[in-house]
Amino acid sequence: VAPDAEIFTVRVFQDNCAYAYGSEIYNAAKTCKANNANIVSMSLGGPAQSNAERQAFDDLYVAGVLLIAAAGNDGTQRMSYPASYSSVMSVAAVDSNKNHASFSQRNNQVDIAAPGVGVLSTFPIDDCQICPRNSNGYGEINGTSMATPHVSGVAALLWQAMPDASASKLREALQNSAQDLGTSGRDPLYGKGLVQAVSALDYLEAPPSPPNTNCRDFPSNWFDSDGPDYTCEWYAQGTNCISFGDGYENEGYTATEACCACGGGMADNNVPPATPPPVSTPPPVTPSPTTRAPITPSPTTTPPSAAPVDNNDGPIASCIDFNGWYDIDGPEYGCNYYAEGFNCYLHGDSFMNQGATANTACCVCGGGTLAVDDNDDGGGNPTTPPICTDVQDWYDSDGAEYDCDFYADDNNCSTFGSEFSNFGYTANEACCVCGGGI
């Protein structure tokens, strides 16, 4: 794909090609960066995740390295890592007819698709552990591991043509220029669609669109659901429209619909855009040790500490973190850790411990419990939310591994919660974390 690219290879698997630790993988990626690599292509993955590995990849991406990995070959909704970390591009596989490969993972972390069925590749002349013997040194292989280097190669080609582009700009170009396949827009099978080299280059070379002087933001003074800091002016900066414009709805509009900078707003001599259709989402639930808080802070600033809420003549309510809570990776990952940087946004729905994630347990992530200070007597007692119980032994129609614990990870409730009914329930009805339960 990019014949002039220089390749630096780091070996992470043992002689039997059986497994590698997460630390070995991210240390290999760091070695690539230390040797001036701009792109790290990872045709590997597994179901385990860790804060340390995720933080290492986040740091590499912020430092300007484009990270690309295979989505996985189980043909299920399950996440595979490192591909499913938000700082890594997750690559699905398609066949020669641009159809989704049956073995390719389907989940809301898939970013893009590339050829991964019947791909001609080099084989060892002698026998090897992961491929059939082939005397002439070539053979066809299926897998997202074959799709991944297609995307990495296109990225290398683009970087050669546009050496001043950033990793985030290249990722934006790759995804936004992809050929849309399947359901219109981003979907769990193809992500944004099939990688397109020429279209991606056109995207990078295109001059910025001039502002539309006949457009005005609507509603006036709109801001997103995270508060007045996130206005149309904020969305006009950098890639905020692309990254967040379809989320954080407020007053019935997202930034894509409300802000001229994001392609929304209204013409001065036109009528307002139609109110967007309602989206079926799990009903909000009161945060408790077994449920997820429905609010996620914006990923662009450190969320402010929760302030007391003044109810005028009534009691004053303030938020208290779940006592002694920390995530499954250990005591250092408590609510103080989640108050730093983008940690609520990046990790707040994962790493459940003691029946809660950070989005449930930590005030700074939108969770915690309320303490009420009665103005009449100066007292104040925490109000404990009611306890929710998942429907016993429930799992979805794809099998026992897709239970309520699976739906507690990432955005699985919103992506799959109304589908895959089993035993008469979907996850949105069976699982407390999705707003259901009993």
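Please provide three numbers in whole Å: the alpha-carbon extents of the stretch 61-128 along the principal axes, with the largest listed first.
Taking max minus min along each principal axis of the Cα atoms, the stretch 61-128 gives 40, 27, 20 Å.
Please give, to one decimal in nm, the separation of the simple spin-label points placed at N336 and F13, each 7 Å out from Cα toward the Cβ.
Using points 7 Å along Cα→Cβ, the separation is 4.2 nm.
Distance between Cα centroids, the stretch 90-110 to the stretch 248-262: provide it in whole Å.
30
If R0 is 56 Å, what FRET efficiency do you get for N221 and E24 from their C-beta distance, rounded to 0.05? Let's see the in-between values first.
Values: r = 51 Å, r/R0 = 0.92.
Computed FRET efficiency for N221 and E24: 0.65.
What number in nm² do you get for the stretch 387-433 if you take the convex hull of its Cα atoms and divide its surface by four?
Details: hull surface 11.8 nm².
Mean projected area for the stretch 387-433: 3.0 nm², to one decimal.
The stretch 2-125: Rg/Rh from Cα coordinates, Kirkwood Rh? Spell out each step's value before the answer.
On the way: Rg = 14.6 Å, Rh = 15.3 Å.
My calculation of the ratio gives 0.96.
Would you please calculate the Kirkwood hydrodynamic radius of the stretch 133-223 over all C-alpha pairs and express it in Å, rounded to one decimal?
Values: mean 1/r = 0.0622 Å⁻¹.
About 16.1 Å, per the Kirkwood formula over Cα pairs.
Determine the gain in length on full extension of the stretch D59-F420; use 0.36 nm per residue of separation and subtract their C-alpha separation, reporting nm with one decimal. All intermediate terms of the calculation are to be shown ahead of the outcome.
Numbers: separation 361, 0.36 × 361 = 129.96 nm, distance 3.60 nm.
Result: 126.4 nm gained on full extension.
Only the coordinates and a few stated rules stand behind these numbers; no lab work does. For clarity, every value in this text was computed on a predicted model and none was experimentally measured. As a convention, Cβ positions derive from the backbone with ideal geometry for all residues, glycine included, and neighbour counts pool all protein chains shown.
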